[in-house]
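Worksheet: the structure to be examined is printed underneath.
The values are calculated or read from the model by the stated rules, or taken from the named source; none is laboratory data. Predicted, not measured: the structure shown is a model, and the values here were computed from it. Reconstructed Cβ throughout: ideal geometry from the backbone, glycine too, with neighbour counts over all protein chains shown.
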Amino acid sequence: MLTFYLNQNKIATSLHHGTVLLDFVRRESRLPGTKEGCREGDCGACTVLLGEIADEEIKYRAVNSCLLPIGSLAGKHVVTIEGLNLRENTLLQNAFVDEHASQCGFCTPGFILSLTDFLLNNPTLNFEEAILAVAGNICRCTGYESIKRAIKLLLTEVESRIELSLDKRVPELVRTGQLPEYFNTIPQKLARLEFDVEPENPGKIVAGGTDLFVQQADKLLKQPLQFIDDGQQSREIYRENDQCIVGASATMEEVRKTPVFREILPEIDTYSKLIASKPIRERATLAGNIVNASPIADFVILLLALEAKLILQIGSASRTVDLHNFYLGYKKLDLQEDEHIHNISIPIPNPGFKFNFEKVSRRTHLDIASVNTAAFFAVEENKITDARISAGGVAPIPLLLKNTNAFLQDKIIDPAIVESAMKIAAEEISPISDVRGSAEYKRRLLQQFIFAHFHTQFPELIGAEVLA
Amino acid sequence: MPREVTLKVGVGKNLKERIVEIPDNAPRPWDGSDDLKYVGKRVPRVDGRDKTSGRAKFTFDIQLPGMLHAKFLRSKYPAAVIRKIDTSKAIKYPGVKAILSVQDKLPLIVRFAGQEILAVAAETAHQAAEALKLIEVTYDVRKFVVDKDLAKEKNAPTVFNTQVEEKLTEGDLPGEHSEVTQKGNVRGPNISPKDATPEKIDAALASSFAVVEATYRTQVQTHSAMETHGVVVDWTAEDKLKCWASTQAVFAVRDELAGSFKLPKSNVRIITKHMGGGFGAKFGVGIYGVMAAKLAREAKAPVRLMLDRKEEHLCVGNRPDSVQSLKIGADNDGKLTGIKLISYGTAGTGTGAGTSGPAKNIYEYDHFYSEESDVFTNAGPGAAFRAPGHPQGAFALEQAIDELAYKLKIDPLEFRKINTPNNEIRQAQLKIAAEKSGWARRNPNPGADKGPIKRGIGIANSVWYYFYGRNFQVSTQVNNDGTVKVTNGVQDLGTGITTVIVTIAAEELGLKPSDIQVSIGDSEYGYGPASGGSVTTGGLSPAVRDSAYAAKMKMFEIAAPMLETTADKLAAADGKIFIKENPDKSLSWKQVAKKIPGDNFIAIGERKEDYHKLDIGTIHGVQIIEVAVDTETGVVKAERVYAVHDCGRPMDLLTTESQINGGIIQGISYALFEDRILDRNTGIMVNSNMEQYKIAGALDTPEIESVVLNVHYGQSSTGAIGIGEPATVATAGAVGNAIFHATGVRVRELPMTPDKVLIALEAMKGASS
Ligand SMILES: Cc1cc2nc3c(=O)[nH]c(=O)nc-3n(C[C@@H](O)[C@@H](O)[C@H](O)COP(=O)(O)OP(=O)(O)OC[C@H]3O[C@@H](n4cnc5c(N)ncnc54)[C@H](O)[C@@H]3O)c2cc1C
Ligand code: FES
Ligand code: FES
């Protein structure tokens, strides 16, 4: 039996663990407030909160229930819109009513859930970040203008009435009538919940499920699954000597928040905004991003430039592979049957390095890149001692631009070498025309980005006029 | 006995008197002299609480005991003849209760990938999906064509071998029906005006001082409402059908189901309490509705059939694409001389690719010629989509107008004024838009910004028309405890008619909006409009007011003896009924209601003809848009929009503004992101999801400042006109003009994605160096 809490109710179910939570709440629990718009993580209509105990405190995060298999729920708390309702509307719900932020209303529960996550978790409660919290929610009716007004109203109301310090937000929101009382009892209830951690049965590895359940939700209902997102251990991110070790089931958001990773990529918050949506990042793991092997996987592009290595395991045997050698061809990996990623190891660079990430997509947010690229530079007195530029969307695999990087080695940075690097890069890629742009466009774009890498990191050496 | 009333009519504050004849039992129409308490103010949605708490139940959410789930088997080929279907394995699959073909007899001719073949009903959705996989279809695959240019060629495979009847819904423009010929895949051209010839227009343009000529292309856009199409059907008796439908037209759905099953109308009940958006694609019952009802009858159980996102993109409507060659000319004083438009586009297996509305109806000039054709392709049929034909037409026309203005060195806004001299509303809107946006500060030279991010500001006009429908029946029931309920069958697509009804009834009865209950979305109630052509508010609101007015009159009759006066001396406000001349002599609404004989009374209001025709029959709009173009990546960001629109007298500003905002964002999304892509080689849509079919999100949206210009016509008791459609017409054209102003480059093809913009920029660089 799989046991978890859904709103205030204890659930024990023997349904297939690959059933997605959206279907579970709507069909089994008959809670129709959670909506379905796409079943692929792209509309946010199905957003729910997922709560779990970490470091003795309950933490909630908004996730897309359409991509969340119930097998990942053991011992956790799921909150749907029904579980947020009180006798009176909350400030959040009222703001939506007063500002007409709901038109047909099909998207509304999703927005309410995403913003509840924001109130529960966001360190600063400002407008810009609140909007980011709903970047994964599509509304076809309102034009978002009224939703923005509602958010502004909410923030003023919250500011004047609630003291939301960083921790203990749950009890504070309960005390002020923004969350139902039962939230306070959930931690004890979860602690008492008995659930068998499923034995490590062999089966298809499911991490966050954000690729798997988009690609093959049907098939997954018919095969044994191995959920690896549970054990705390595999989610750990820590420093070991000069390496940052990222556990196989650490998510993009967990990584983003970890100090050692932030030391490597101080600008990770900015990059994160360009990657998926928060609910997706809350589930999506780095390992999953790597194994899915999309030629435009954003984290892979970051990790390639950071010279990451993978620690692979079968049983107790383990081996290490450089990430850039892991990809053998389109979706072909140096990964054996039964082998899995145990850890990702990222060298912590010496201080003074330069890093830049660029991505262009049709929509700036929640969209897959046409082209993305990252660049790591170590420089001594304008001389490049190490260059690692990676690029996605320009080849069947996420690419490390080996020729370009080799060319840049030991060069003094000046406009001429940048121009040459742009040329070499254009020659070592093989983009194809598809929905995300023509081959010609992608080639051109990558060249612009190479320029941008230098221009943003070395503005005193490479001015804007070089391009023109 | 009709009576005459003198009304204040006109644009904004510019009012004049007009004598209007109205029926004796009708209220004096609201006019420019009325400052009303709720009408035209910001009344929050009455269903807000239901929607923010997730309690609002959509068709998608209906669960009935024993309900089965149905799913379609759809053709995987774009063109085929199906002679054999083997369902023997599928019918044995656990849970399967019924399998029915969409056509009783084979062969079935398939004309697009995604066309319905048969449907399965099973106990669970999963079982239905699994059963579908066991069905063996023998396809005799035929040649197909999905590219409209290839489809026009002589030897192209033909989509239809017979003449195609044009099918129109309430979402299409009345009078759009055209008698044209069909040859191969081309239906048309439809020439307008009927007696025009290309020679005449060419001659007129040839003698013009300046002429611009270019070809514009627009893409196919899918409606992508958040709730998909679908129904839940329940045969409550052998000859009685109850159907929850996600529809824009409960009465049309009722009629179609009654027709399909040969049932009396009174035996079919359609319910649409909450509805997750339609935008023009949800008028009929659809093949899904009929099939669900058939399956339910066969399986003797209720059936739910809701489409999924992919089916939504493939099968149930879209905005047709277009190729428009436009040639327009002007004299040296900036007066337009004529417009020539040759346009074709594909609505797949449907019709409706015309684009000439804006070219015909925005500007004043002498010579016009248009040729419009539909090209059939093996793709899902188009459907009415928010201002059919107009965003496409305005994208081309408004860029051409802009280009001509630059050529003549006349300010583009000024140029638009010069060419609409007799339209007082448009003149007022252009003035307001100029002031709001600080147009005068704009650098007249395109591409003037230094640096890689270039900003620009563009303007475009929109046009729409006034339709309203007739014979709607609204009832206002007053109970003897004073409670009031207003009832009509109309559905609320989210556009807010429920709130509008409450607002009007509260205003008329002198009560608070919270005192009024509303029941809508049911074909067993009084006849209501189908929500298309922006008719709902303009059509229904006078009947709402007239019904509330009749109820008020009844209350006055009851109150008159109590106040020792006559009914004509009474007024109602703030929950009281009082003597106009002596407001202190009053009774509360409740006191009067207590005296209602029996339990309650019902007063009916009926929508009749307008009192008179509008002087200007069009509805207008001006949008000014600021964009930032990243010339290194081609990424365009719409930063700010100033929108000025008119819709007669707005009923509730919150819903009106929300329509404008929603129209603008759909326009931005159309301009920059959305694009249905069919693979030429397989005929299959490659982006039938929301991952690759991109719709604007909160972070893609500009700041929007909208102004609703009040226009009082006195044409009906409320003076309301719809706004749903006009708001989306101008947007893409304005974005195109803003991109030009930012960069000096015209992007004449939608969507204006980074690749197209960058390549256009490169081309310009190449040409200038
Ligand atoms: C709406 C949406 C938007 C997205 N946007 C972006 C974006 O902007 N940029 C981007 O890069 N990606 C994006 N993605 C994809 C991204 O979410 C995934 O690539 C994610 O990182 C995969 O991680 P996961 O944990 O969800 O993997 P899962 O789906 O659980 O697994 C993916 C694959 O990896 C395998 N796997 C997982 N862990 C291991 C392991 N430890 N060892 C061996 N195999 C393993 C699984 O078996 C499976 O084959 C988006 C996805 C969605 C749904
Ligand atoms: S249903 Fe669209 S994100 Fe889940
Ligand atoms: S209100 Fe209709 S989708 Fe948001």
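If you scan segment B:258-289, which residues turn out to be surrounded by fewer than 24 Cβ atoms within 10 Å (Cβ to Cβ) and within 12 Å of chain A (Cβ to nearest Cβ)?
Matches in segment B:258-289: B:K273 only.
Kindly state which strands (runs of 3 or more DSSP E) lie completely within segment B:455-529 and contain at least 1 residues that are surrounded by fewer than 20 Cβ atoms within 10 Å (Cβ to Cβ), assigned by TED's automatic domain parsing to the domain that holds B:A734 and charged (D, E, K, R).
Per the criteria, no element qualifies.
Any residue that is surrounded by fewer than 18 Cβ atoms within 10 Å (Cβ to Cβ) and in a helix (DSSP H, G or I) - is there at least one of those in segment A:389-401?
no
Okay, residues lined up against (1) in a strand (DSSP E or B); (2) surrounded by fewer than 24 Cβ atoms within 10 Å (Cβ to Cβ); (3) more than 14 Å from chain A (Cβ to nearest Cβ); (4) in contact with a Phe, Trp or Tyr (Cβ under 9 Å, 6 or more places away or on another chain):
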residue	(1), (2), (3), (4)
B:A603	yes, yes, yes, yes
B:I619	yes, no, yes, yes
B:A638	yes, no, no, no
B:S658	no, no, no, no
B:R676	no, yes, no, yes
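Scan segment A:246-271 for residues that are surrounded by fewer than 22 Cβ atoms within 10 Å (Cβ to Cβ) and in contact with a His (Cβ under 8 Å, 6 or more places away or on another chain) and report the count.
Here the count works out to 0.
Being farther than 16 Å from B:W30 by Cα, surrounded by 24 or more Cβ atoms within 10 Å (Cβ to Cβ) and more than 9 Å from chain A (Cβ to nearest Cβ) is the filter here; which residues of segment B:703-722 pass it?
B:G722
When you go through (1) crowded, with 24+ Cβ neighbours inside 10 Å; (2) within 14 Å of chain B (Cβ to nearest Cβ); (3) not aliphatic (A, V, I, L, M) one by one for A:F4, which number turns out not to apply?
With respect to (1) crowded, with 24+ Cβ neighbours inside 10 Å; (2) within 14 Å of chain B (Cβ to nearest Cβ); (3) not aliphatic (A, V, I, L, M), A:F4 is out only on (2).
Does B:K409 satisfy the criteria of being modelled with pLDDT of 95 or more and in a helix (DSSP H, G or I)?
In short, no.
Condition test on A:V79, is it away from ligand 3 (no atom under 16 Å from the Cβ) and within 12 Å of chain B (Cβ to nearest Cβ)?
It is true that A:V79 is away from ligand 3 (no atom under 16 Å from the Cβ) and within 12 Å of chain B (Cβ to nearest Cβ).
Select from segment A:9-44 the residues that are within 16 Å of ligand 3 (Cβ to nearest atom) and hydrophobic (A, V, I, L, M, F, W, C) and write down the one among them that is nearest to A:F183 (Cα to Cα).
A:C43
Name the residue that is surrounded by the fewest Cβ atoms within 10 Å (Cβ to Cβ), counting only residues in segment A:121-138 that are among the polar types (S, T, N, Q), in a loop (DSSP other than H, G, I, E, B) and more than 15 Å from ligand 2 (Cβ to nearest atom).
Here the answer is A:T124.
Name every residue in segment A:82-115 that is within 16 Å of ligand 1 (Cβ to nearest atom) and not in a helix (DSSP H, G or I), in order of residue number.
A:C107
Can you tell me which of (1) part of a helix (DSSP H, G or I); (2) within 12 Å of chain B (Cβ to nearest Cβ) is the one A:F118 doesn't meet?
(2)
Could you tell me whether segment A:146-164 includes any residue that is in a loop (DSSP other than H, G, I, E, B), more than 14 Å from chain B (Cβ to nearest Cβ) and not charged (D, E, K, R)?
Among the residues of segment A:146-164, at least one is in a loop (DSSP other than H, G, I, E, B), more than 14 Å from chain B (Cβ to nearest Cβ) and not charged (D, E, K, R), which makes the answer yes.
In segment A:114-136, how many residues are within 16 Å of ligand 3 (Cβ to nearest atom) and touching a Pro at 6+ places or on another chain (Cβ under 9 Å)?
2
Could we say that B:R746 is in a loop (DSSP other than H, G, I, E, B) and either of a type in the set (F, W, Y) or over 25 Å from the mean Cα position of the chain (by Cα) (or both) here?
yes
Would you pick out the residues in segment B:33-46 that are touching a Ser or Thr at 6+ places or on another chain (Cβ under 6 Å) and within 14 Å of chain A (Cβ to nearest Cβ)?
Matches in segment B:33-46: B:V43, B:R45, B:V46.
Can you tell which of A:A395, A:A369, A:A406, A:A421 is under 23 Å from B:P452 (Cβ atoms) and either more than 14 Å from chain B (Cβ to nearest Cβ) or among the basic types (K, R) (or both)?
It is A:A421.
Checking the conditions here, which among B:V303, B:V232, B:V285, B:V268 is hydrophobic (A, V, I, L, M, F, W, C) and either at positive phi or under 22 Å from the mean Cα position of the chain (by Cα) (or both)?
Being hydrophobic (A, V, I, L, M, F, W, C) and either at positive phi or under 22 Å from the mean Cα position of the chain (by Cα) (or both) holds for just one of B:V303, B:V232, B:V285, B:V268, which is B:V285.
Identify all residues within segment B:151-178 that are of a type in the set (S, T, Y) and modelled with pLDDT of 80 or more; write none if there are none.
Within segment B:151-178, B:T158, B:T162 meet the criteria.
Considering only residues that are without any contact (Cβ under 8 Å) to a residue 24 or more places away in the chain, in a loop (DSSP other than H, G, I, E, B) and polar (S, T, N, Q), which ones fall in segment A:8-48?
A:S14, A:S29
Does A:T47 satisfy the criteria of being within 16 Å of ligand 3 (Cβ to nearest atom) and either surrounded by 24 or more Cβ atoms within 10 Å (Cβ to Cβ) or not aromatic (F, W, Y) (or both)?
yes
Quick one: A:E56 ticks every box in (1) within 25 Å of A:L166 (Cα to Cα); (2) touching a Ser or Thr at 6+ places or on another chain (Cβ under 6 Å); (3) away from ligand 2 (no atom under 13 Å from the Cβ) bar one, so which box is it?
That leaves (2) as the condition not met.
Starting from residues that are closer than 15 Å to A:A391 by Cβ and hydroxyl-bearing (S, T, Y), keep the ones in segment A:407-449 and report whichever is surrounded by the most Cβ atoms within 10 Å (Cβ to Cβ).
Out of the qualifying residues, it is A:Y441.
Between a residue in segment A:124-146 that is farther than 15 Å from B:A696 by Cβ and any residue that is of a type in the set (F, W, Y) and more than 16 Å from ligand 2 (Cβ to nearest atom), which pairs come within a Cβ distance under 8 Å, given they are 6 or more apart or on different chains?
A:L125/A:F118; A:E129/A:F118; A:A130/A:F118; A:A133/A:F118
Report yes if B:D630 is within 12 Å of chain A (Cβ to nearest Cβ) and more than 16 Å from ligand 3 (Cβ to nearest atom), otherwise no.
Judged against the criteria, B:D630 is a match.
State whether the residues of segment A:152-159 include one that is surrounded by 24 or more Cβ atoms within 10 Å (Cβ to Cβ) and either over 22 Å from A:L366 (Cβ atoms) or away from ligand 2 (no atom under 16 Å from the Cβ) (or both).
Yes; the residues of segment A:152-159 include at least one that is surrounded by 24 or more Cβ atoms within 10 Å (Cβ to Cβ) and either over 22 Å from A:L366 (Cβ atoms) or away from ligand 2 (no atom under 16 Å from the Cβ) (or both).
So that you can scan it fast, the table gives a plain yes or no per residue for (1) modelled with pLDDT of 95 or more; (2) assigned to a strand (DSSP E or B); (3) closer than 30 Å to B:D331 by Cβ; (4) touching a helix residue (DSSP H, G or I) at 6+ places or on another chain (Cβ under 8 Å):
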{"site": "B:S208", "(1), (2), (3), (4)": "yes, no, yes, no"}
{"site": "B:T228", "(1), (2), (3), (4)": "yes, no, no, yes"}
{"site": "B:V233", "(1), (2), (3), (4)": "yes, yes, no, yes"}
{"site": "B:C243", "(1), (2), (3), (4)": "yes, yes, no, yes"}
{"site": "B:F251", "(1), (2), (3), (4)": "yes, no, no, no"}
{"site": "B:G259", "(1), (2), (3), (4)": "yes, no, no, no"}
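Of all residues in segment B:730-769, which are touching a residue at least 60 places away in the same chain (Cβ under 8 Å), among the aliphatic types (A, V, I, L, M) and away from chain A (no Cβ under 12 Å)?
B:A730, B:A732, B:A734, B:V735, B:A738, B:I739, B:A742, B:V745, B:L750
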